[in-house]
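A short write-up of the structure that comes next.
The values are calculated or read from the model by the stated rules, or taken from the named source; none is laboratory data. Small disclaimer: the values here were computed from a predicted structure and weren't measured. Here the Cβ is made from the backbone with ideal geometry for all residues, glycine too, and neighbour counts use every protein chain on show.
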Amino acid sequence: MSDHALLPFALLLGVPLAGALLAGTLRGRASDWTAVTAAFATAIVAGVLVLQHGTRGLTLSLGGLPLLDRAAGRPVALFGFALDPLASVVLLAAAILGFVCVLYSVAYVDPRNRETPASDDRRGYWFWILLFVMAMVGLVTSATLLQMFVFWEITTVCSWALIGFYDREEGALGAAQKAFLMTAGGGLALFATVVALLALTHSARFDAISALSPAARGATLLLWLLLLAGAWAKSGQVPFHTWLPSAMVAPSPVSAYLHAASMVNAGVYLALRMALSNGTPVPLAAAGADAATWLPPVNMLPAALPVVVGVMAVVTMVVTVAQFFYQDDLKRLLALSTISQLALVMLGVALAMAGSTRAAQGAALHILAHGVGKALLFLSVGALSCSAGTRHIRDLGGVITRAPIASAGFLVGALTVTGVPPFAGFWSKLLMVSGAFALGGIGVAAGALIVAESVVAFAWFLWVGQRVFLGPPSPAAAAMRPPSALTDAVLVALMVLCLGITAIGLPLVAAMHPVTGG
């Protein structure tokens, strides 16, 4: 391994870490613009890495522990970096939206915020959010499960600190503790999986399950369930879903980043990564379907696994969509929408496990599409609450006359996450639905469910939009001050991304394929 190859990954982690330390030390505008500069530089480094290695892939091993090497009788890689098309998609979401949310925070985390005024001293906020950026890009580019677990736990701690940022707000500390306990519990399940795989296979690679000996293959389903428990908790899936709506006491840019564009994506990323890493491609003639089909062998992916993942995804969708209709808090509505959209990604993972590469590609693309669209929704709602002092549907009406950019941002974000063409969510859902239909049988039902969820969500977002943005201005809307120019600029940039991010994501997911390991 050359130092030249390692340098971009060192910068990817080092820049946001250095930014967190500096911004957490400096005061005033120096602290603000240090944070913005660090987040921007991180996005640039991530973009360069993806441009150079996104479709071709790159893996760098940093070695392990001599004691474990001797026990295994061979070198055991415990740490390293890897970038492939799937990692590139999630890395772009984490890095680009990290910068966007940090920039937006300059105007939002401010004493002039009418809903949740904050101190001029933002040093603690910058430290935690930049540390989270560092942890997220480290998680996505980890080459082993053990290294991913380390960054996984750092995101849990950062999430706890950022959800409780408004510590004087009622329920903030309780919500932070709830999120910490539920996601840390999932982290313990993930850690148990890593330890078991090291004991059984002497490997911490993502394809370690496929290396189980014939005598140990009886534990395959149990290991998968432990791993999925960690993924479900991190992504707020039933029965671990209640922490995410409670976490909406956090500042809106925190909700946009942690709870739409990065942290919650970690769980679905892990599930999709493991599904691809433990599947083996077969000749197209053996696949007996379209050219976008691969079949994982039963001894690597138990026959019951796609059913378990798919059923849990459907249950999560039903539970969360049913709660749309009595939400008055716009951010809680968006949190429930996030859970249901991530359940769609999990359904794509189940379809991938059942044999559809196209569904896997759609699931990966939807991580990016949903991240951009939902970040736009959260930040648009944040602009309204910052200016009006409320985010309750009952208190808002006619907002478009006072905040036209935020109103347009909400509409574009809703069109994106519900899959209306030509926005990014349409293309990701199209891939998942077509992959589901190509499988036939239960796949057709899964594809129909994706369409049904999209129609229901689209209809409800239209109703909410009509209630909040149209009609005569409510007293809260009439008293609004216009959002800042910086806020409007960030929202416009995200609206452009909702249209253009597909041009970046599609070539990456087209290069995805199952991988084999030894």
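Please tell me if residue 176 is at pLDDT below 95 and not polar (S, T, N, Q). Talk me through it step by step, then tell me what you get.
Values: at pLDDT below 95: no; not polar (S, T, N, Q): yes.
Taking the combined requirement at face value, the residue does not satisfy it.
The set of residues from the stretch 201-218 being part of a helix (DSSP H, G or I) and surrounded by fewer than 19 Cβ atoms within 10 Å (Cβ to Cβ) comprises 211, 214, 215, 216, 217, 218. The residues on offer are 420, 464, 468, and the sole one that is in contact with a helix residue (DSSP H, G or I) (Cβ under 8 Å, 6 or more places away or on another chain), at pLDDT 95 or above, within 30 Å of residue 105 (Cα to Cα) and not in a helix (DSSP H, G or I) is 420. Residue 475 meets each of the listed conditions (1) touching an Asp or Glu at 6+ places or on another chain (Cβ under 9 Å); (2) crowded, with 24+ Cβ neighbours inside 10 Å apart from (2). Would you say residue 127 is in contact with a Gly (Cβ under 6 Å, 6 or more places away or on another chain), touching a residue at least 40 places away in the same chain (Cβ under 8 Å), within 26 Å of residue 99 (Cβ to Cβ) and surrounded by fewer than 23 Cβ atoms within 10 Å (Cβ to Cβ)? Here the answer is yes, as residue 127 does meet what is asked. Between 133, 150, 195, the distinction of being of a type outside the set (Phe, Trp, Tyr), buried (at least 19 other Cβ atoms within 10 Å of the Cβ) and at pLDDT 95 or above belongs to 133 only.
Tell me, please, whether a residue that is among the polar types (S, T, N, Q), assigned to a loop (DSSP other than H, G, I, E, B) and surrounded by fewer than 20 Cβ atoms within 10 Å (Cβ to Cβ) can be found in the stretch 250-264. Outline the logic, then answer.
Taking the stretch 250-264 as the starting set, the residues that turn out to be among the polar types (S, T, N, Q) are 252, 255, 262.
This time we only want the ones that are assigned to a loop (DSSP other than H, G, I, E, B), so: 262.
Retained after the next criterion (residues that are surrounded by fewer than 20 Cβ atoms within 10 Å (Cβ to Cβ)): none.
There is no residue in the stretch 250-264 that is among the polar types (S, T, N, Q), assigned to a loop (DSSP other than H, G, I, E, B) and surrounded by fewer than 20 Cβ atoms within 10 Å (Cβ to Cβ).
So which residues in the stretch 17-75 are within 21 Å of residue 154 (Cβ to Cβ) and part of a loop (DSSP other than H, G, I, E, B)? Correct list: 24, 25, 64, 65. I'm checking my understanding of the structure. Among residues of the stretch 368-405 that are of a type in the set (Val, Ile, Thr) and either part of a loop (DSSP other than H, G, I, E, B) or buried (at least 24 other Cβ atoms within 10 Å of the Cβ) (or both), which one is farthest from the chain's Cα centre (by Cα)? For the stretch 368-405, the residue satisfying everything is 399.
In the stretch 337-367, the residue that is nearest to the chain's Cα centre (by Cα) out of those that are polar (S, T, N, Q), more than 18 Å from residue 423 (Cα to Cα) and in a helix (DSSP H, G or I) is 340. Residue check: residue 289 meets all listed conditions (1) small (Gly, Ala, Ser); (2) modelled with pLDDT of 95 or more; (3) assigned to a loop (DSSP other than H, G, I, E, B); (4) more than 30 Å from residue 143 (Cβ to Cβ) but one, namely (2).
Quick check on the stretch 448-458. Is at least one of its residues surrounded by 18 or more Cβ atoms within 10 Å (Cβ to Cβ), among the aromatic types (Phe, Trp, Tyr) and assigned to a helix (DSSP H, G or I)? Explain how you work it out, then say what you get.
Initial filter on the stretch 448-458 (surrounded by 18 or more Cβ atoms within 10 Å (Cβ to Cβ)): 449-450, 453-454, 457.
Pick out the ones that are also among the aromatic types (Phe, Trp, Tyr) and you get none.
No: zero hits.
Do you know which residues across the stretch 237-247 are closer than 15 Å to residue 177 by Cα and either touching a strand residue (DSSP E or B) at 6+ places or on another chain (Cβ under 8 Å) or in a loop (DSSP other than H, G, I, E, B) (or both)?
Filtering the stretch 237-247 for residues closer than 15 Å to residue 177 by Cα gives 240-247.
Hits for the stretch 237-247 are 240, 241, 242.
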